[in-house]
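Student: The structure under discussion is supplied below as structure tokens; questions concerning it will follow.
The values are calculated or read from the model by the stated rules, or taken from the named source; none is laboratory data. Note that the coordinates shown come from a computational prediction; the quantities given were computed from them, not determined experimentally. For neighbour counting, all protein chains shown are included, and Cβ atoms are generated from backbone atoms with ideal geometry for every residue, glycine included. In case anyone asks, the SASA skips ligands and DNA or RNA and just uses the protein heavy atoms, side chains included. Shrake-Rupley method; radii C 1.70, N 1.55, O 1.52, S 1.80 Å.
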Amino acid sequence: MSFNVPKSDKKRVVIVGGGFGGLQVANRLKHSDFQVVLIDRNNYHQFPPLIYQVASAGLEPSSISFPFRKIYQRRKNFFFRMATVRSIFPEQRILQTSIGKISYDYLIFAAGTTTNFFGNKEVEEEAIPMKNVSEAMGLRNALLENFERALTCASEQERQELLNVVIVGGGATGVEVAGALAEMKNYILPKDYPDMDSSLMQIYLIEAGNRLLAAMNPKNSSHAEQYLREMGVNVMLNKMVTGYENHRVQLKDGSSIATRTFIWVSGVAAQPVGNLGTEFLGRGGRIKVDEYNRVTGLDGVFAIGDQCLMTADEDYPNGHPQLAQVAIQQGRLLAKNLQRLEKNKELKAFHYRNLGAMATVGRNRAIAEFSKIRMHGFVAWLMWLFVHLRSILGVRNKIIVLFNWIWNYVSYSQSLRMIVYARKAKEVQEREKRLSSQHWGKDLLSEGAD
């Protein structure tokens, strides 16, 4: 395999990752004098803030996803390739991927994060992560199948294990998942499973710290906790999960919780780049960059968004929060700085403009912070709806999401609760097997790039 990207007299910008930051760079270079190559392991952009609604059967996966090739139809000097990054050879300005090598003039890492299990292999093998659409669909299937099995299981112990849900991580994702599942318990289960006592379903939200939403104001954290407790969620603070064995989540204090739905949203780590040395990495595996998002020590290499760690911004000496707005703002500025480089103009340093943070807990309940303004409840919920609807790609997707939200609000019901397991064709399985064992860059010069 090879990239099959034609050589050009234009300088080539290779972007790894089609998230918020990567798309911003690609979009802002539309009328520039660059050849742009976007690489992503999926062929679509996904909207992470609403992934939890896919997991709770509130939205279709396609309504929060948008194909890259649809975004960039009729775009000149732009190429998309579906691949996984293996390693980088900065001396030769070559990037190694699962489909071969590609040369670059400028390389931008914008691949975001993956789930951080903090070295706990037992938890990594057993827990259900929720960082992308595929994992959200896996969680949805697990939840729904456990409900079905709870009706036919042989013992009360097994039934309780099937109906208990344990969520580890009290950040925005954990709070939103807990709220969505609480609404499912209160409004969906009594109608879908009239022959099952819905009160048997217990939802546990476990946080190692002393409050939820640690990045937000303590008063808003308190409101979020109050909302969840009112909805029937068992919020457990100052509790650390140490393992999972025999369908039981083990806690550091020696106690345990029986469950067969073990959801881990406790932390993230930057997507790794195979051979990038530890001297280039900071906290959470994030790539260290300067105030222009340049990777220190690598000429022509940049990193933005959740995958990078910038300590040069005086307002954020420990690095920026891993939020969509950081990636978006860095992507916009980097696109301008690349064009300034070509014109030998002075680069502009990045300074994050904090636009606030939001989290929804459930129907009519949300938390929002904007500079010195804090709000919660119905108004914050309306603002959350507006901001997220506005940010989704595609008019069709916006309409579908809005219709789903209106329908769910009026009817207290969704119609997306199907258990569907995709079966990969034999040709795809064989191709994946081949790709997993080749293009690892062991002999860099034996094959040409592109």
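Student: Would you please name the residue that is surrounded by the fewest Cβ atoms within 10 Å (Cβ to Cβ), looking only at residues in segment 27-62 that are without any contact (Cβ under 8 Å) to a residue 60 or more places away in the chain and in a loop (DSSP other than H, G, I, E, B)?
Tutor: Of everything passing the filter in segment 27-62, HIS31 is surrounded by the fewest Cβ atoms within 10 Å (Cβ to Cβ).
Student: When you go through LEU213, LEU228 one by one, which is the residue that is of a type in the set (A, V, I, L, M), in a helix (DSSP H, G or I) and open to solvent by less than 10 Å² (accessible area, probe 1.4 Å)?
Tutor: Answer to the selection: LEU228.
Student: Next up: So, in segment 382-404, exactly how many residues are closer than 17 Å to ALA172 by Cβ, open to solvent by 30 Å² or more (accessible area, probe 1.4 Å) and of a type outside the set (S, T, N, Q)?
Tutor: 3
Student: Restricting to segment 301-341, name every residue that is open to solvent by less than 30 Å² (accessible area, probe 1.4 Å) and charged (D, E, K, R).
Tutor: ASP313
Student: Right, next: Within segment 277-294, is even one residue surrounded by fewer than 15 Cβ atoms within 10 Å (Cβ to Cβ) and not in a helix (DSSP H, G or I)?
Tutor: Yes: one or more hits.
Student: Please go through segment 99-139 and give me each residue that is within 30 Å of LYS10 (Cα to Cα) and open to solvent by less than 20 Å² (accessible area, probe 1.4 Å), ordered by number.
Tutor: Answer for segment 99-139, where residues must be within 30 Å of LYS10 (Cα to Cα) and open to solvent by less than 20 Å² (accessible area, probe 1.4 Å): ILE99, GLY100, LYS101, ILE102, TYR104, LEU107, ILE108, PHE109, ALA110, GLY112.
Student: Then there is this: Among the residues of segment 136-151, which ones are touching a strand residue (DSSP E or B) at 6+ places or on another chain (Cβ under 8 Å) and touching a residue at least 40 places away in the same chain (Cβ under 8 Å)?
Tutor: LEU139, ALA142, LEU143, ASN146
Student: For the list (1) out of contact with any strand residue (DSSP E or B) (no Cβ under 8 Å at 6 or more places or on another chain); (2) open to solvent by less than 50 Å² (accessible area, probe 1.4 Å), I need the number of the one condition that GLU156 fails.
Tutor: (2)
Student: Would you call SER222 in a helix (DSSP H, G or I), open to solvent by 20 Å² or more (accessible area, probe 1.4 Å) and within 25 Å of LYS252 (Cα to Cα)?
Tutor: Spelling it out, SER222 is indeed in a helix (DSSP H, G or I), open to solvent by 20 Å² or more (accessible area, probe 1.4 Å) and within 25 Å of LYS252 (Cα to Cα).
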